[in-house]
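Working notes for the structure below.
The values are calculated or read from the model by the stated rules, or taken from the named source; none is laboratory data. On a predicted model such as this, the values are computed, not experimentally measured, just so you know. So basically every Cβ, Gly included, is an ideal-geometry build from the backbone, and we count neighbours across all protein chains shown. Only protein heavy atoms, including side chains, enter the accessible area calculation; ligands, DNA and RNA are left aside. Shrake-Rupley method; radii C 1.70, N 1.55, O 1.52, S 1.80 Å.
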Amino acid sequence: ATSCGTGDKNQSAQTDDPLANSPIVGQYVQAGTDKVMSCDQKLLADTVRIPLSFFTEKLEIVKLDSRDEALVGQTGVTISDNYILVHGRRPNPFKLFDRKGNFLTNIGAIGQGPGEYQMVYDAKLDEANNRIYILPWNASQLLVYDLQGNVLDPIPLWTQDLKGNRLGYMEPGHLEAPQDFSNEVISGFNIPGTFDVNILCIMPTRVDSLYRYDGDNSRLIPTFTLNFANTDKIPWHGYGEWPHHFIGDFSEPPVEVAPGSWTNGKTFHYIVDKKTGKGSFFKLYNDYFGNLEIDYPSYAFSNGYYIRNIEPGNLMTDIENALKNQDITSEMRKKLTDLQNTIDDNDNNYVMIAKLKK
């Protein structure tokens, strides 16, 4: 594992408060018993460039174990304090590493038997309880393993009585979405102890909100929404939150490229300060790593971490591009060059990790 310090010191952005000069774009409004930050799309204006170090602690670059049984693809990664869980994709199952990159064990296997899976929707590391949870696509139960790779009893996704009636069921109400694979449930888990969620409806799109799940009262609490400039053509969009900011994105109107086949237009990312309501469009750049821009910043974070799983060849390309930047410091240039000299095409993947500040 290597560390890339605290980033360049010669940034022009106002790192004390990068939104200091941005307008107030959102305000809290009362919605029943809840206060919701309501943001106005028409007030979002200039784009600010914000360094990754403003939101996160130091960046680690972890080289994963290169033994044959440890090899992974450029798939999703879940992080905890002491473990790295790399998501499985045929033919490789999920693989568990420690935070130094040492391979520990496979988690489950590809297949249709007990403890096996084929297509996976999401996964969660529960280090405190020695558990790993994996949710297969269209599953009726959550697969459970311990950190040693042993298969444990699965958890039903709901409970029912002997007549088949669901117990503890929340009626969807206005949140009900068509069950036709044109929608998605999105959650970042980026704040400890907070389960945030919004429903991305693609066809048709609709106005919605970001919610926090209140398990004690079995309800969803609205926290943030964006008022779109054109309510007749709601763009594809998503919401999320970091400890001190709401974040979101929306795209230009989708275009039908073929009968029944649609694509989104240019995507815009924005950020709103929870305390002041100031906000702007924004771009996030990795000042720990040659100031390279981070694509899709809204989705670069999960479980409270910035994460990037990258193959060695792609990492070499990134370093070469970063070294072309004449504005990086000599210290950063040396770190990148030193890392470049250690990379081999036959290496396993590298994982960039930076924890969100509280």
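Summary table below
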| quantity | calculated |
| --- | --- |
| Considering residues of segment 292-316 that are polar (S, T, N, Q) and open to solvent by 30 Å² or more (accessible area, probe 1.4 Å) only, the residue modelled with the highest pLDDT | Asn314 |
| Odd one out for Arg166 among (1) within 26 Å of His237 (Cβ to Cβ); (2) charged (D, E, K, R); (3) touching a Phe, Trp or Tyr at 6+ places or on another chain (Cβ under 9 Å) | (1) |
| Segments classed as strands (runs of 3 or more DSSP E), wholly inside segment 60-165, with at least 1 members that are at pLDDT below 90 and of a type in the set (Ser, Thr, Tyr) | 120-126 |
| Given (1) open to solvent by 70 Å² or more (accessible area, probe 1.4 Å); (2) touching a helix residue (DSSP H, G or I) at 6+ places or on another chain (Cβ under 9 Å), number of the condition Leu147 does not satisfy | (1) |
| Single residue of Ile319, Ile353 found to be modelled with pLDDT of 95 or more and within 17 Å of the chain's Cα centre (by Cα) | Ile353 |
| Strands (runs of 3 or more DSSP E) wholly inside segment 238-305 that include at least 1 residues being within 29 Å of Ile221 (Cα to Cα) | 245-251, 267-273, 279-286 |
| Residue that is nearest to Ser218 (Cα to Cα), among those in segment 179-208 that are touching a Cys at 6+ places or on another chain (Cβ under 8 Å) and assigned to a loop (DSSP other than H, G, I, E, B) | Asp208 |
| Output for segment 218-273, where each listed residue is within 20 Å of Glu184 (Cα to Cα), at pLDDT below 90, open to solvent by 20 Å² or more (accessible area, probe 1.4 Å) and of a type in the set (S, T, N, Q) | Ser261, Thr263, Asn264 |
| Within segment 262-286, tally of residues that are closer than 16 Å to Val48 by Cβ and among the hydroxyl-bearing types (Ser, Thr, Tyr) | 4 |
| Residues being of a type in the set (S, T, N, Q) and surrounded by fewer than 17 Cβ atoms within 10 Å (Cβ to Cβ) - total across segment 208-217 | 1 |
| Sole exception among (1) touching a residue at least 60 places away in the same chain (Cβ under 8 Å); (2) in contact with a Leu (Cβ under 7 Å, 6 or more places away or on another chain); (3) of a type outside the set (D, E, K, R) for Leu135, by number | (1) |
| Residues within segment 73-101 that are in contact (Cβ under 8 Å) with a residue 60 or more places away in the chain, surrounded by 20 or more Cβ atoms within 10 Å (Cβ to Cβ) and either in contact with a helix residue (DSSP H, G or I) (Cβ under 8 Å, 6 or more places away or on another chain) or within 19 Å of Val151 (Cβ to Cβ) (or both), tallied | 2 |
| Matching residues, segment 102-131, being open to solvent by less than 50 Å² (accessible area, probe 1.4 Å) and hydroxyl-bearing (Ser, Thr, Tyr) | Thr105, Tyr117 |
| Matching residues, segment 312-347, being touching a strand residue (DSSP E or B) at 6+ places or on another chain (Cβ under 7 Å) and not hydrophobic (A, V, I, L, M, F, W, C) | Pro312, Asp318, Asn321, Asp347 |
